[in-house]
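The values are calculated or read from the model by the stated rules, or taken from the named source; none is laboratory data. Computed from a prediction, not measured in an experiment: that's the story for all the values here. Heads up, the Cβs are rebuilt from the backbone with ideal geometry, glycines too, and the neighbour counts pull from every protein chain shown. Note: accessible area is taken over every heavy atom of the protein model, side chains too, but ligands, DNA and RNA are not part of it. Shrake-Rupley method; radii C 1.70, N 1.55, O 1.52, S 1.80 Å.
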Amino acid sequence: MTTVPFWGRLFFCAFTPYSWHTMAIMAKPKIKYTCNDCGASYPRWQGHCESCDAWNSIVEEIPVAASPMSGRVSGGKAAQLVSLDGAPEDAPRHLTQSAEFNRVLGGGMVPGSAILIGGDPGIGKSTLLLQTAAHLSQKTPVLYFSGEESASQIQMRGRRLGLEKANVHIATTGHLETILATIADHKAGFAVIDSIQTVFSDKTESAPGTVSQVRLAANEIIGAAKRAGTCIVFVGHVTKEGQIAGPRVLEHMVDTVMYFEGDRGQPFRILRTFKNRFGATNEIGVFDMGDKGLRDVPNPSAMFLDERSLEAAGSAVITAMEGTRPMLMEVQALVSATNLAQPRRTTLGVDGGRLAMLSAVLDKHAGFTFSNHDIFLNIAGGLKVTEPAADLAMASAMVSSLLNKPIPADRVVMGELGLTGEVRSVGQMDIRLKEAKKLGFKVAIIPAGITPPKVDGLKVVPIKRLSQLVEHLF
Ligand code: TYD
Ligand code: MG
């Protein structure tokens, strides 16, 4: 009889497949630490997120328990592209009450699609969605889940909007399993989740709003909505930096991502698409927040130029393009003498780097000295311009303020400014000029590089170099 020595038995016990299996079952789920703002994960807790620079945003994330059957799938099916029918794009879209909202959506809401709307608190997300819910409830069952407000608060808002009789079903819950069951029970065609950060599931112990809860909830709701053909709108909180809070992956999961922007001190709001699987991105919708909710602004140019003072130095007008839409905006500059060794450069609505570049180019190629002046640059009405086509208007406003000479009120200026003082072409000039004409402008200073489109009643002044700008500006 052979005897196995004691150490040999130990060795044998430790390395049987059975013992490995038992150890795997007994192993504790690995805890990760995840930033609630940007979704970056860390092996241990720390106070500062290196990825998005937020403080105290990192929380413990307990993974969702995997089912014992997970990973054991065999076989699968794939259908030919041509044989697919009933694709979401083919189904008739739900038209909302607002032509602006429909435009941003790419022509209405696609049944079964998931939309994420982010924006600062108090900007009007819940108002827009309650108005939309009330309108759509005339055609399809509509659910409004609110984890943030009580039923009476929603009712009060409904009354304020004159929609208290609308056939919208309100549920003040954030419990994921309840939400899924309610959507299925009501066979809802449209549902609002206000907000995704308040939804929580029994399947994970993390707090509502944490990355694992948001990811799980969004995944389950989107899956259920696609199967039932329900169009879902998630409201998403935004971080300090204006990004939608929670995992970046949330933006990948949904079909459409929109941001509701605006200055709370001003009545107008802009709804901007960031991603749209069913329409163009960079499209915008403009709304006016009044005491009866949000109203469309079909002609934003007129509204943005409404309060322009016609005889003031330091103001220039540009037709900027927002997606496919031309919008006239007023660029304002204040240039004032200073004794500061480092003069101030402050911008609102335009990039600070652009201002530094423009003052250097004006200095070098047009002989204006800004080095002993503070410069403040602003787009009136809290708007933003990012396109280089605004260079010439910014330069014009700065020169006008420096010389204390108003630019005639009937002039629009657009063009990109190069570092060598050349005026460079910009796109979609015909649309820009037509919009300017529509608003009563008579003269347009534009880059010489493009063949100017003919617009009756609008005089076009093409310029090649910055030095020519001053000749034609006043
Ligand atoms: P709300 O839709 O609650 O914002 P969000 O859901 O984005 O946090 O809008 C709240 C603000 O809108 C609040 O400051 C009041 C204002 N408001 C109006 O000016 N008019 C209205 O008719 C309504 C309903 C709200
Ligand atoms: Mg709200």
Task: Accessible area of GLU148 in the full protein assembly, 1.4 Å probe (Å², nearest 10) - done: 90
Task: Cut-off 9 Å between beta-carbons: net charge of the residues surrounding ALA390, Lys and Arg +1, Asp and Glu -1 - done: -2
Task: Rounded to whole Hz, the Karplus (6.51, -1.76, 1.60) HN-Hα couplings of segment 270-276, x for glycine and proline - done: 10, 9, 10, 8, 10, 8, 8
- [ ] Pull up all non-local amide H partners of PHE190: gap of 5 or more, or a different chain, and H-to-H distance under 5 Å with H placed in the peptide plane.
- [x] LEU143, CYS231
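Given the alpha-carbon gyration tensor of the chain, what are the semi-axes of its equivalent ellipsoid in whole angstrom, ordered largest first, with each equal to the square root of 5 times an eigenvalue?
Details: eigenvalues 553, 186, 91 Å².
Each semi-axis is √(5λ); the values are 53, 30, 21 Å.
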- [ ] Specify which residue in the list LEU334, ILE445, VAL110 is farthest towards the positive end of the charge dipole of the chain, using unit charges on the beta carbon of Lys, Arg (+1) and Asp, Glu (-1), about the Cα centre.
- [x] VAL110
Open item on the list: How large a share of the accessible area of segment 303-473, in percent, is made up of carbon and sulfur atoms when the probe is 1.4 Å and the other protein chains stay in place?
Closed with: 50
Open item on the list: Checking the cross-link filter: which aspartates and glutamates have an alpha carbon closer than 18 Å to that of LYS454, excluding same-chain neighbours under 8 positions apart?
Closed with: ASP410, ASP430, GLU435
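Rounded to the nearest 500, what is the chain's calculated 222 nm mean residue ellipticity when only DSSP H runs of at least 4 contribute -39500 (n - 2.57) each, over all residues?
Details: 13 runs with 133 residues, N = 474.
Taking each H run of at least 4 residues, the total per residue is -8500 deg cm²/dmol.
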Open item on the list: Classify segment 99-298 from the C-alpha gyration tensor, please: rounded if a/c falls under 1.5, else prolate or oblate depending on whether a/b exceeds b/c.
Closed with: rounded
Open item on the list: Give me, ordered by chain and number, the residues 5 or more places off ARG269 or on other chains with an amide H under 5 Å from its own placed amide H.
Closed with: PHE287, ASP288, MET289
Task: All-pairs Cα distance distribution in segment 250-292, expressed in whole percent, bin size 10 Å - done: 28, 44, 24, 5
- [ ] Determine the percent antiparallel among the DSSP beta bridges restricted to the chain, to the nearest 5.
- [x] 55
Open item on the list: Could you tell me the relative contact order of the chain? Use alpha-carbon pairs under 8 Å, at least six residues apart, and round to a whole percent.
Closed with: 12
Open item on the list: Tell me the accessible surface of TYR259 in square angstrom (1.4 angstrom probe, heavy atoms of protein chains only), to the nearest ten.
Closed with: 30
Open item on the list: From Cα pairs below 8 angstrom and at least 6 apart in sequence, can you work out the relative contact order of segment 303-473, rounded to a whole percent?
Closed with: 25
Open item on the list: For THR347, what residues show an amide H to amide H distance below 5 Å, using hydrogens built from the backbone and excluding near sequence neighbours?
Closed with: LEU377
Task: segment 388-474 shape via C-alpha gyration tensor axes, a/c threshold 1.5 - done: oblate
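Sorted by mean Cβ packing within 10 Å, highest first, what order do the peptides 281-287, 159-165 take? Kindly include the intermediate steps, with their values, before the conclusion.
Values: 281-287: 20.4, 159-165: 13.7.
Going from most to least packed, we get 281-287, 159-165.
Could you tell me whether segment 111-150 comes out rounded, prolate or oblate from its Cα gyration tensor? Rule is a ≥ b ≥ c as square roots of the eigenvalues, rounded for a/c under 1.5, then prolate if a/b exceeds b/c, otherwise oblate. Write down the numbers at each step before the final one.
On the way: a/c = 1.84, a/b = 1.51, b/c = 1.22.
In terms of gyration-tensor shape, prolate.
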Task: Of LYS125/LYS187; LYS226/LYS434; LYS405/LYS464; LYS226/LYS438, pairs whose Cα-Cα distance is over 32 Å - done: LYS226/LYS434; LYS226/LYS438
- [ ] Evaluate the charge dipole of the chain about its Cα centre and quote only its size in Debye, nearest 20, assuming +1 on the Cβ of each Lys and Arg and -1 on the Cβ of each Asp and Glu.
- [x] 580
Open item on the list: Relative contact order of segment 383-474, please, whole-number percent, based on alpha carbon pairs below 8 angstrom and at least 6 residues apart.
Closed with: 28
- [ ] Give a residue-ordered list of calculated ³J(HN,Hα) values for segment 197-207 (Karplus: 6.51 cos²θ - 1.76 cosθ + 1.60, θ = phi - 60°; whole Hz; x for Gly, Pro).
- [x] 6, 9, 7, 9, 10, 6, 6, 10, 8, 5, 6
Task: Neighbour net charge for GLN213 - beta-carbon separation under 14 angstrom, K R +1, D E -1 - done: -3
